[in-house]
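One structure below.
Read-outs: derived from the displayed coordinates by stated rules, not from any lab. Note that this is a predicted model, so its numbers are computed, not measured. When we count neighbours, we look across all protein chains shown, and the Cβ atoms used for this are built from the backbone with ideal geometry, even at glycine.
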Amino acid sequence: MKKYIAIALVISCLFSISCSRRSTSAYYNWETIFVKSEFNGSEVYKYFGAGKNKSESIHQSEVDVLKQLIFKGIAGSPDPRPLVFEVNAEEKYRNYFATFFQDGGDYKNFVELYRSGNLNKNDRIKTGKRRDRKKKGIEIIVKRADLRNALESAKIIPKN
């Protein structure tokens, strides 16, 4: 009898663990999404940034979109290739990119918020059980042509 009670207890524990509520954030695509091109050579991207508040999310989004554009490229954009083709360029030019991406650094000259940073209500996705665990969809304008010129003048990429 004790054996049956122990087995029933183990099965009920396993059942209660498997029925716990799970987050659906694993099913979302967190990559940078190309939205549209502007007339002046700039492009609009959407990035889901996480942060305790709106300003942290925006800062993280700006830096991450630029890093992805420079080193990895963004699928779906008119030019999906990265701006820097060199392998380990981030390590090779570490000093330049450290000053470029620091708070208030030069990267601010190449990004700005689309629609003045107004976040769409539907672009907030809860990623955890706590209230502050949310990713916010932030649309950012990147001045790609100006960024390319800056990297060319710093001799990180060759001139066309």
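I need the peptides 137-148, 100-111, 37-48 ranked by packing, meaning the mean over residues of other C-beta atoms within 10 angstrom, with the highest value on top. Don't skip to the answer; put the middle values down first.
Details: 137-148: 19.8, 100-111: 15.1, 37-48: 17.0.
By packing density, highest mean first, the sequence is 137-148, 37-48, 100-111.
In order along segment 101-112, the Karplus-derived 3J(HN,Hα) couplings, from 6.51 cos²θ - 1.76 cosθ + 1.60 at θ = phi - 60°, round to 9, 5, 4, x, x, 5, 4, 4, 6, 10, 10, 8 Hz, and Gly and Pro are given as x.
For segment 80-87, putting each phi into the Karplus relation 6.51 cos²θ - 1.76 cosθ + 1.60 with θ = phi - 60° gives couplings of x, 7, x, 6, 10, 8, 5, 6 Hz, in residue order, rounded to whole numbers and with x for Gly and Pro.
May I ask you to list the trypsin sites (Lys or Arg not before Pro) in segment 51-96 that are in a DSSP loop and have at most 11 other Cβ atoms within 10 Å of their Cβ?
Values: sites: Lys52, Lys54, Lys67, Lys72, Lys92, Arg94; in loops: Lys52.
Here the sparse-neighbourhood loop sites are Lys52.
Each residue of segment 55-70 is assigned a 3J(HN,Hα), and the resulting list reads 5, 5, 5, 5, 4, 4, 5, 4, 5, 5, 5, 5, 4, 5, 5, 6 Hz, derived from the Karplus form 6.51 cos²θ - 1.76 cosθ + 1.60 (θ = phi - 60°), x at Gly and Pro.
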